[in-house]
Every structure is written in C-alpha cells, then in structure tokens.
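A.B. asks: After the structure tokens below, expect a handful of questions from me.
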Amino acid sequence: MNTREWALIAFTILNQMAVGSFLVLGIVHAYAMRKKGMQQADQLSDMALVSIVPVVGLALIASLFHLGNPINAPRAIANLGTSWLSREILLDLIFAALALVFAFMQWRKIGSFSLRNIIAWIAAIEGLGLIYVMSNAYMLETEPSWNTLATPATFYATAFLLGSLAMGAAFVANYAYVQKHNPGCASEQCELMRDAVRGISISTLVFLGVEFVTLPLYLATLSSAGQAAQSSLLLTIGPFSTVFVLRLVLGFLGAGVFGIFLYRNAASAGHEKTLGYLVYAAFALVLVAEVLGRFLFYATRVRIGI
C-alpha cells in the first residue's frame with residue numbers, strides 16, 4: 001500500500017471515531033444531567049471532551065494527505081454538485097468546526113445550556129451525515145468490493161465501536177483525575193462513570209454483532225458477483241487470510257469478551273481499577289482490529305477497467 005492509502009485509513013477511522021465519540025458523549029452527558037444535575041454531568045464530560053479535539057485535528061491533517069497533494073485542498077470542494085469526495089471534504093470541515101466551537105463554548109461556559117446543546121446535536125447529526133457521504137464516496141461501480149451495503153454498515157459500526165470505547169477510556173481517566181484532585185465528589189462521579197461504562201459495554205456488543213452479521217453476508221455477495229469481486233474474496237481468504245483472522249480475533253476479544261467483563265465489573269463499586277485496565281485494553285484491541293479491517297478494505301480491492 002502507498003502513503004495515500006495509509007492516509008485514507010487514518011482519515012476514515014479518525015473521522016468515524018470522532019463522530020462516534022461525540023454522539024456517545026452527548027448521550028452520556030444527557031443521562032448524567034438527568035440523574036445528578038448539570039454540575040456533575042459537566043464534570044464527567046468536560047474532561048472527556050478534551051480527548052475528542054485531538055482526534056478531530058488529526059483527522060483534518062490526514063485529510064490533506066488523503067487528497068494526494070495538500071496544495072489541491074481548496075479545489076477539493078469545487079464539485080459539490082457531482083462529487084461525493086467534494087461533499088465529504090466539506091462536511092468534514094463543517095463537523096470539525098462545529099465540534100471545536102462547541103468544545104470551546106462548553107469549556108468556557110459561553111452561552112446558555114440550550115444554545116450549546118443545539119450546537120452539539122447539529123454537530124452530531126452532521127457527523128452522521130459525514131459518514132453517509134464518506135461511504136458513498138467509495139460505492140463506485142468500478143470497485144465491486146466497495147460497492148455494497150457492507151461499506152456504510154461497517155463505517156457506522158466502526159464509528160460506534162471506537163467512539164464508545166474511546167469515551168469509556170476517557171470517562172475512566174476522568175474519574176481517576178477527579179478522585180485524585182477532588183475526592184469529595186468522587187462517589188457521584190464513580191456512579192456516573194460505572195453507569196456510562198455499563199451502557200458502553202452493551203453498545204460494543206451490539207455493534208460487534210452488526211459487524212459479525214455484515215461480514216459473512218459481504219463475503220457471500222463477493223462470491224456470487226463478477227470476476228473482480230471474486231478476486232477480492234480470494235485475496236481476503238488467501239494472501240491476506242492471516243490479517244483477516246487476526247482482525248476477527250482482536251475485534252471479538254476487545255468488543256466481545258472484554259465487553260462482557262466491562263459490564264460485570266461496572267455493575268458494582270469497588271472494581272474501578274480493574275475497570276480501567278479492561279476499558280483501555282478493549283479500546284486498544286478494537287482500534288487495532290479496525291485498522292486491520294480498513295487495511296483489508298483497501299488492500300483487497302480489485303478495480304474494473306483502468
């Protein structure tokens with residue numbers, strides 16, 4: 001694979017993780033506010049929001065290399081009427097701008113809660129639109145292995161798998177910080193953190209199921225399609241079979257096995273340290289699995305025509 005394709009792996013995964021993280025954070029914040037009030041909800045989520053901003057920034061940097069030549073960036077949005085790539089770049093810039101504006105307003109408590117909430121949900125919905133446009137940029141007739149419903153399904157699954165576990169890791173890290181610097185409210189933050197991680201563990205199991213249902217259907221589609229699609233299938237189960245199996249194993253361990261242990265350890269107090277190790281390990285395993293999956297996405301493509 002060339003440098004541009006590695007940039008595409010970084011661009012797509014980072015953007016999808018940022019969108020998923022933003023959505024998960026919004027849902028958890030709303031839950032925490034109803035259960036413990038705005039102050040406790042902000043204390044849970046404001047530090048977690050810090051982890052999303054670098055991801056958004058890295059995704060923007062990767063987008064420059066995604067274009068092949070960074071100098072061509074201003075021209076990339078010139079064909080909005082006909083090009084999914086142009087729409088993808090535009091929506092990426094809009095999502096990044098909205099996410100950064102919201103983060104600044106939330107940290108500095110600028111404007112009312114309602115205004116900040118509106119901006120957050122506009123950013124989240126726009127992020128979902130970004131993933132839709134991103135998937136359509138790959139669903140080309142000349143790329144049979146990409147031109148299936150598995151592309152949007154796996155892109156959304158990646159967003160919620162990585163976004164959920166990234167926020168789980170952020171909530172655990174935030175609780176450790178709170179416990180060290182402000183132990184007076186640590187018990188309430190502990191309860192919110194455990195509730196969040198328990199919900200996240202369920203989310204990871206659900207979206208792991210989506211990936212494991214989509215995958216055999218995708219392989220079956222390739223086997224019954226044309227010669228190019230069948231060539232992609234042979235690459236997947238042939239030269240890249242080790243990568244394929246490793247991707248499945250790591251995903252199952254991180255989102256499945258570790259997801260179950262996360263749920264069990266988050267059910268009651270006293271397991272916070274173990275919970276931290278588990279969520280960090282689960283995130284690392286799933287991140288590697290998703291990178292391997294995206295590597296296969298590009299490495300096994302067989303184009304029709306020139």
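The values are calculated or read from the model by the stated rules, or taken from the named source; none is laboratory data. Every value quoted in this text rests on a predicted model; they were computed, and no experiment measured them. Methodologically, a virtual Cβ is constructed for each residue, glycine included, from the backbone with ideal geometry; neighbour enumeration extends over all protein chains shown.
A.B. asks: Which one of the conditions (1) under 24 Å from residue 5 (Cβ atoms); (2) modelled with pLDDT of 95 or more does residue 303 fail to meet, given that it meets all the rest?
C.D. replies: Evaluating residue 303 over (1) under 24 Å from residue 5 (Cβ atoms); (2) modelled with pLDDT of 95 or more leaves (2) as the failure.
A.B. asks: Another one. Restricting to the stretch 1-51, name every residue that is of a type in the set (S, T, N, Q) and not in a helix (DSSP H, G or I).
C.D. replies: The initial filter retains those residues of the stretch 1-51 that are of a type in the set (S, T, N, Q), namely 2-3, 12, 15-16, 21, 39-40, 43, 45, 51.
Passing the criteria: only 2.
A.B. asks: Something else: Looking at 164, 232, which one is of a type in the set (Ser, Thr, Tyr) and farther than 16 Å from residue 278 by Cβ?
C.D. replies: None of the others qualify; the one that does is 232.
A.B. asks: Let me ask another. What number of residues in the stretch 105-149 are over 22 Å from residue 33 (Cβ atoms), surrounded by fewer than 18 Cβ atoms within 10 Å (Cβ to Cβ), of a type in the set (Ser, Thr, Tyr) and free of Cβ contacts under 8 Å to residues at least 24 places away in the same chain?
C.D. replies: Total meeting the criteria: 1.
A.B. asks: Residue 243: modelled with pLDDT of 95 or more, more than 30 Å from residue 188 (Cα to Cα), under 26 Å from the mean Cα position of the chain (by Cα) and surrounded by fewer than 18 Cβ atoms within 10 Å (Cβ to Cβ), yes or no?
C.D. replies: yes
A.B. asks: Could you check the stretch 83-116 and list, in sequence order, the residues that are farther than 16 Å from residue 44 by Cα and not hydrophobic (A, V, I, L, M, F, W, C)?
C.D. replies: Those that are farther than 16 Å from residue 44 by Cα and not hydrophobic (A, V, I, L, M, F, W, C): 83, 86, 87, 88, 92, 111, 112, 114, 116.
A.B. asks: Separate question: From the list 64, 85, 60, 80, which residue is at pLDDT below 90, in a loop (DSSP other than H, G, I, E, B) and out of contact with any strand residue (DSSP E or B) (no Cβ under 9 Å at 6 or more places or on another chain)?
C.D. replies: 80
A.B. asks: Restricted to the stretch 141-159, and to residues that are β-branched (Val, Ile, Thr) and part of a helix (DSSP H, G or I), which residue is nearest to residue 25 (Cα to Cα)?
C.D. replies: Only one residue tops the list, namely 158.
A.B. asks: When you check residue 162 against the structure, is it without any contact (Cβ under 8 Å) to a residue 24 or more places away in the chain and touching a Ser or Thr at 6+ places or on another chain (Cβ under 8 Å), yes or no?
C.D. replies: Details: without any contact (Cβ under 8 Å) to a residue 24 or more places away in the chain: no; touching a Ser or Thr at 6+ places or on another chain (Cβ under 8 Å): yes.
The answer is no for residue 162.
A.B. asks: Any chance the stretch 171-191 includes a residue that's among the β-branched types (Val, Ile, Thr), assigned to a helix (DSSP H, G or I) and under 14 Å from residue 286 (Cα atoms)?
C.D. replies: no
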